[in-house]
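Inspection log for the structure reproduced underneath, given as C-alpha cells.
Any read-out appearing in this document is the output of simple, stated calculations on the displayed coordinates, not a laboratory observation. These figures come from a predicted structure and were not determined experimentally. Positions of Cβ are backbone-derived with ideal geometry, glycine not excepted, and every protein chain shown enters the neighbour counts.
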Amino acid sequence: MANVFEERRALIGGLGMVAAAGALAKPALAKPATGAAPWSPTPEAADAWLDKPGTRHRLAFDTTSAAAAESAMFYANTYYTANKSGYALPPEALGVVIVLRHLSTPFGFNDTIWAKYGAAIADMLKLEGEEAIRAAQMNPLLSVKPDAKKKPGDDEPVTLATLAAKGAQFAVCGVATKGMSEMMAKKSGTSASAVEADLKANLIPGATLAAAGIVAVNRAQEHGYAFVTVTD
C-alpha cells in the first residue's frame, strides 16, 4: 500500500512540474500596436442613401415574410407617432428603414408589377381567395383598397405609401428580385432579364434596390440604425 501512495505522489509531483514548466514556457499574448485606431466600417458610395440628413434617431426593421412586412409597417408608424407625441419630433428627424427580403421582397414593387405578375406572386406567397384576387390587382400593402370605406373617427390607414410620405425608406433585396424575375419569366413566357428590368423600373416610393437584403441589414447597422428583426 505504501508503494501505491509513493507512486501517486510521484505522479502528482511530476504533473505539477509539467504544469509549471508549461506556465513558464507560455508565450506572452500579443498586444495591439500602440496608437492603433479602433476598427470602423468603410463608407460605400452605394450606401449613401442611408445617410439621411437631419435625422436625430435611426431605426431599421428586417422582414422576411408577408406577415413580417405588414407588422413592420405598424411598428414604424408607432415609432413616428410616439416620437411626435412624446418628444415633439417631426418625421423628418427620424431615419426609418424597412428591409424587404426573402418572401417580403414582392412588397417592394408597385401596383404595375402586381397587376402584371400578381398570379405568380400569389403562388410564391401562397395567397388564396380574396388575398390572391387582390394580389392580381395591386400591391396589398402599398395603398388601401379602392373600394374601402372609412368611418368617421377612424384612424388614417397605415400603408407603405403613407410611411414613404413621412420619409421612411425601403431596401429591396436584389438577390430575391433576380430569383423572382426568373420565376415570373417562366410563368409569363418572357425573358428573365426583361422581367428583372421591369421590376427595377417599378419600385415603390422610397425604395432602393440593395445588392442583397442581408447586405442592407449590415449596412444599416453600420450607419447607426438601431435594429429590429420582425418575425410576424
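Amide H contacts of ARG58 (H built 1.01 Å from N, in plane; Pro and chain starts excluded): GLY95, ALA226 sit under 5 Å, all sequence-distant by 5 or more or on other chains.
Under conditions of 25 °C and 0.890 mPa s, the stretch 77-232 yields 147 µm² s⁻¹ as its translational diffusion coefficient, taking Rh as the Kirkwood radius over Cα pairs in the Stokes-Einstein equation. Extension gain for the segment ALA46 to ASP232, taken as residue separation times 0.36 nm less the Cα-Cα distance, is 64.0 nm to one decimal.
Electrostatic tally near SER71: other residues with Cβ closer than 14 Å to its Cβ, Lys and Arg +1, Asp and Glu -1, net -3.
Sorting LEU163, LEU59 by the number of Cβ atoms found within 10 Å of their own Cβ, with the fewest placed first, yields LEU59, LEU163. Among the trypsin sites (Lys or Arg not before Pro) in the stretch 147-232, those located in a DSSP loop and surrounded by at most 11 other Cβ atoms within 10 Å of their own Cβ are LYS149, LYS150. Only lysine pairs 8 or more places apart, or on different chains, with alpha-carbon atoms under 14 angstrom apart are counted in the stretch 58-191, and they number 4. Taken about its Cα centre, the stretch 104-214 carries a charge dipole of roughly 100 debye when the Cβ of each Lys and Arg holds +1 and the Cβ of each Asp and Glu holds -1. Under a 5 Å amide H cut-off, with hydrogens placed 1.01 Å from N, VAL99 pairs with PHE61, ASP62, THR63, ALA171 among residues at least 5 apart or on other chains.
Each residue of the stretch 186-194 was assigned a 3J(HN,Hα) from its phi angle through the Karplus curve 6.51 cos²θ - 1.76 cosθ + 1.60 (θ = phi - 60°); the sequence is 5, 6, 9, x, 10, 7, 5, 5, 5 Hz, with glycine and proline shown as x. As a rough footprinting exposure proxy, the listed residues ASP111, ASP47 were ranked by other beta carbons within 10 Å of their own, and the order from fewest upward is ASP111, ASP47. By the beta-carbon count within 10 Å of each Cβ, the least crowded to most crowded order of SER143, SER193, fewest first, is SER193, SER143.
Taking the centroid of alpha carbons for each part, the stretch 91-106 and the stretch 153-231 are 8 Å apart.
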